[in-house]
Every structure is written in C-alpha cells, then in structure tokens.
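The values are calculated or read from the model by the stated rules, or taken from the named source; none is laboratory data. From a predicted model like this one, the values you see are computed outputs, not experimental measurements. Don't worry about glycine lacking a Cβ; one is built from the backbone with ideal geometry, like all the others, and counts go over all protein chains shown. Heads up: the accessible areas ignore ligands, DNA and RNA and are worked out on the full protein's heavy atoms, side chains in. Shrake-Rupley method; radii C 1.70, N 1.55, O 1.52, S 1.80 Å.
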Amino acid sequence: MAKTAFITGVAGQDGGHLAKLLHEKGYVVYGMLRGQLEASHPRYSQLKQEMPYVKIVMADLLDLSALARAMQEIKPDEVYNLAAISHVGYSFRDPVLTADITGKGVLNMLEAIRLAGLEKTTRFYQASTSEMFGGLDYNRPEEGYTEEARFHPRSPYGVAKLYGHWITKNYRESYGMFATSGILFNHEGERRGPEFVTRKISKAVARIKLGKQDVLELGNLDSKRDWGYAGDYVEGMWRMLQQDEPGDFVLATGETHTIREFVELAFKETGIEITWQGKDVDELGIDKATGKTLVKINPEFFRPAEVDILLGDPTKAETVLGWKREVDFPGLVKLMVEYDLGFEAGRG
Ligand code: G4F
C-alpha cells in the first residue's frame, strides 16, 4: 500500500521540493495550507496547478483541534513539520507570533498526533535549523557544528526553533515517538522567497543585467553561511524518517562563504565584474567595466543581533543516512542566476 505523508508548509520552498520528491516515490501527499483559503485564492490555485497531486488540507499550526482532526482523518505514516515564520529579520518585528507558530506550533503538531492515537505509528520530522547555534566566537567549532554542538540562538526565530527542537526530543524520550529533528544549514534555490538574501541577489542581478533595475541594496555583506541546494536537503529529510531509530541530523555542505562572495559570483555569471569601494555603510559595489554603482548598503537590512558565521559538519548524515549534497556553491549560484535570467526575461 502507498505510504501517506502530511506536510505543513507545503507552499514554501522546502514543501514544494518535498511534495514532488514524495509523489515521485509513490506517496499519497497531503499538504497543509493556513487559513480560510477559497478554491479561487491565488495561493490555492497556484499550488493546485503546480502540484495537482497534493491533497490540500486547510488547517493552522495555531489550531490544535484542526490539526488533531486532520491527523484522525488522514492517519499519515509520516508528518513533515516545515511550516514556520522562517525569516530571521522578520522575527525581530513579530517575535510573539514567531514564538506561537515557529515554537508552540511544533507542540500542537506533536499533540495532534498523540490525540489521534498515532504516537506509535506516525513518524514525525521537525525542521530544526542551524540558526539555533548562533555562530558566536566562543561557540564556533573550527570543523563546523555537529549535532552535539552548543546552542546560543541570536533571534526570536532561533529561540522559537530551539523550543521546537527540544520538544521534539522530549516527545521522543517521553512517549517513544519516532520524532526526528533535521538541523539544516541554509538551503536555497529557484523556489527560495525573494526576502532571503541569495534569491534577492540572484533576482536583482538578473534584473540589472536585463536593464530592469539599477541597484541592489543589501545589509551585512560579511556574514558567512553554509549554503546548499534545497532539492538535495529534502532527500535528507526523507532519509531521516526511513531509519530504524529517530535522532538529530545536521545537513550542511561543510563550506562557508560570505554574502559578498555570493554577490561577486552572481554578477560574474552575467559577465559583470564587481569591485568594492568605501567602508561600512558607505561601501559600494562597482561594475569594473562601466564604473556604475550596482550594489549599495542599506542599514535597514541590518539585524539587532547577527549570526556572523555558520558552518556545518554533515559527517553523521553522510555516514548514517548515506546522504551527500550534489550541488556545490558555484553550482548553486549559477542555477539561481540562470533561473532568474529566464524568469525575468519571460516577464518582459
Ligand atoms: O538569507 P537570510 O535572510 O537567511 P538566514 O538569516 O541565514 O536564515 C535562513 O537560514 C536559516 C538556516 O541557518 C533558516 F533557519 C532560516 O529560516 C532562513 O532560511 O540571511 C543570510 C545573511 C544574514 O547574515 C543577513 O544579515 O544575509 C545577511 N543579509 C545581508 N543583506 C541579508 C541582506 N539578508 C536578507 N534577508 N536581506 C538582505 O538584504
């Protein structure tokens, strides 16, 4: 019999990749959409059009009764909890809602599984994050963060995710649930929302190349991230739920790069070489050939507390799950810029 999966956050980047992967593996895929979306709503119809195989369930991570009902009706073999307020910068502006959805929402999902009497049969995946580590000087292993590294979250988002991480472990230990946490480092791609820095850059580079935009405005250019491709990472999520035992797994590339490097490489994909002039908020990225300013700093994009560097050690996932990322850093930048060049050119 085909297995059944229930995905919260199915309309997000990872939800899209995962729904496709599970459908290709023969799963019956249910995807949760939040709120009272009518069939005529653009998000509903967009999802129906792009992924007609996803059976849409209207529910909300804040509504335990709706989640419990969904669990009772669907009785999924696997639940992937990907829904969250996931933008770190935004979480500073709406910290209470972030705590409710990104933190307590995990508890609601776990309780819904228990209330439906599925705690011994349904496997649960929690989307934990490298943001829980915080990247501080005293808390930065040279070789990268493992599953055992110390946590020191630096945003309301990171703190809420840490609650989700620990409550997942707690339900594993308290009720013997197959509840697993994937501690994923940044993962990007053509489905990434433009509010995240990689997609903001690839989109702007494409638009600048096509003469549709003049300048790209960014915040901190010097923070470093361990960036992989989201398509590779959903394969890791699935593998985590196919193990004999639940656990915690880091998915990362083991490489870290600055935002500045991403910018340089993205422009290079379109034949533009960037040189940097000035310092701090006055720094400018200049097109070497024309002398035109293409990148500016806008302090609006700085965060009250920053994670300066993230670097993951995926040894456990590679050894236990047999997982390895396929797309490397230059491959990721190329894929995103090429996608946005095509997309922006098509939009006229
Ligand atoms: O792309 P970002 O917004 O991603 P961030 O904060 O690393 O979080 C992402 O990865 C986490 C995993 O580690 C996830 F848990 C989380 O949900 C999300 O997917 O920012 C990356 C870096 C930051 O240092 C930020 O300050 O880029 C810097 N940055 C510089 N200019 C900018 C900008 N970030 C954004 N979003 N926009 C800017 O203009």
What do you reckon, is Leu110 within 16 Å of the ligand (Cβ to nearest atom) and either in contact with a helix residue (DSSP H, G or I) (Cβ under 8 Å, 6 or more places away or on another chain) or open to solvent by 20 Å² or more (accessible area, probe 1.4 Å) (or both)?
-> no
Filter region 139-156 for residues that are of a type in the set (Ser, Thr, Tyr) and in a loop (DSSP other than H, G, I, E, B); which is farthest from Ala305 (Cα to Cα)?
-> Thr146
What do you reckon, is Pro246 crowded, with 16+ Cβ neighbours inside 10 Å, in contact (Cβ under 8 Å) with a residue 40 or more places away in the chain and in a loop (DSSP other than H, G, I, E, B)?
-> yes
Selection status of Asp328, at pLDDT 95 or above, open to solvent by 20 Å² or more (accessible area, probe 1.4 Å) and acidic (Asp, Glu) = yes
Limited to region 37-52, what total is found for residues that are under 16 Å from Ala19 (Cβ atoms) and open to solvent by 60 Å² or more (accessible area, probe 1.4 Å)?
-> 6
Of the residues in region 73-94, those that are over 20 Å from Pro246 (Cβ atoms) and away from the ligand (no atom under 16 Å from the Cβ) come to Glu73, Ile74
Based on what the data block shows, is Phe302 crowded, with 18+ Cβ neighbours inside 10 Å, of a type in the set (Phe, Trp, Tyr) and either within 17 Å of Val197 (Cα to Cα) or without any contact (Cβ under 8 Å) to a residue 12 or more places away in the chain (or both)?
-> no
Exception for Leu265 within (1) hydrophobic (A, V, I, L, M, F, W, C); (2) away from the ligand (no atom under 14 Å from the Cβ); (3) over 22 Å from Arg191 (Cα atoms) falls at (3)
Consider Arg140 against the criteria (1) open to solvent by 50 Å² or more (accessible area, probe 1.4 Å); (2) within 15 Å of the ligand (Cβ to nearest atom); (3) under 20 Å from the mean Cα position of the chain (by Cα); (4) not acidic (Asp, Glu): it satisfies all of them except one. Which criterion is unmet?
-> (3)
Kindly indicate whether Glu173 is open to solvent by 40 Å² or more (accessible area, probe 1.4 Å), part of a helix (DSSP H, G or I) and charged (D, E, K, R).
-> yes
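Within region 42-121, which helices (runs of 4 or more DSSP H) (wholly inside it) include 1 or more residues that are among the small types (Gly, Ala, Ser)? Full working, then the answer.
On the way: elements: 42-50, 64-74, 88-93, 95-98, 105-115.
Answer list for region 42-121: 42-50, 64-74, 88-93, 105-115.
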For region 223-233, does any single residue satisfy the condition of being more than 26 Å from His17 (Cα to Cα) and either basic (Lys, Arg) or in contact (Cβ under 8 Å) with a residue 12 or more places away in the chain (or both)?
-> yes
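Any residue that is of a type in the set (Lys, Arg), closer than 30 Å to Phe301 by Cα, open to solvent by 40 Å² or more (accessible area, probe 1.4 Å) and not in a strand (DSSP E or B) - is there at least one of those in region 9-27?
no
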Region 156-191, residues that are at positive phi and away from the ligand (no atom under 16 Å from the Cβ) | Gly176
Residue under evaluation Pro76, criteria (1) closer than 14 Å to Gly164 by Cα; (2) buried (at least 22 other Cβ atoms within 10 Å of the Cβ); (3) not aromatic (Phe, Trp, Tyr), criterion not met | (1)
Number of the exception - Ala84 against (1) buried (at least 18 other Cβ atoms within 10 Å of the Cβ); (2) over 30 Å from Glu300 (Cβ atoms); (3) of a type outside the set (D, E, K, R) | (2)
Which one is farthest from Ser223 (Cα to Cα) among residues in region 280-294 that are surrounded by fewer than 11 Cβ atoms within 10 Å (Cβ to Cβ) and among the acidic types (Asp, Glu)?
-> Asp282
Total residues in region 192-228, condition within 13 Å of the ligand (Cβ to nearest atom) and crowded, with 16+ Cβ neighbours inside 10 Å = 21
Residue check, Leu97 touching a helix residue (DSSP H, G or I) at 6+ places or on another chain (Cβ under 7 Å) and either within 16 Å of the ligand (Cβ to nearest atom) or open to solvent by 10 Å² or more (accessible area, probe 1.4 Å) (or both) | no
